[in-house]
Amino acid sequence: MRPNRDAAALAASLTSAAAAPLPLPERPAASVVAMPQRQEAPPKAQAPQPKKAGKAKSAADTVGITLRPERELLTRYTNAAADRTKKEGRVVSAQEIMLEVLERGRPQVQS
């Protein structure tokens, strides 16, 4: 089987694209999302337990939804998540911050 005549051009294009850094979203100048401070637990001195394969994580009762925020709003949440990720040393998603903001603004529902 003959190689595709454009294979070399495609390989060069992919190599140059892989070497280029990804552009980060621009940070808004004035508007900043205020984030609540988390209480951190003291570090445990126990050795980490091996993960059990095959067991699913028991999560809270959640429902998946789809949101379509405006580009600027999503950029603010993404930048806030990046700042929190650097500060806490663990990955924090924009969705996690959105949920925290929604929980703070939750109206009191009476049964």
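Applying a threshold of 7 Å to beta carbon distances and a minimum spacing of six or more residues, or different chains, the list of pairs starting in region 83-98 at a residue that is of a type in the set (S, T, N, Q) and ending at one that is crowded, with 16+ Cβ neighbours inside 10 Å and assigned to a loop (DSSP other than H, G, I, E, B) reads T85/V92. Under the condition of being surrounded by 13 or more Cβ atoms within 10 Å (Cβ to Cβ), out of contact with any Ser or Thr (no Cβ under 8 Å at 6 or more places or on another chain) and aliphatic (A, V, I, L, M), the residues counted in region 87-106 number 3.
Since every read-out is calculated from the coordinates, none of them should be taken as a lab result. Nothing here was measured: the structure is a model prediction, and the numbers come from that model. Virtual Cβ from ideal backbone geometry, glycine too; neighbours counted across all protein chains shown.
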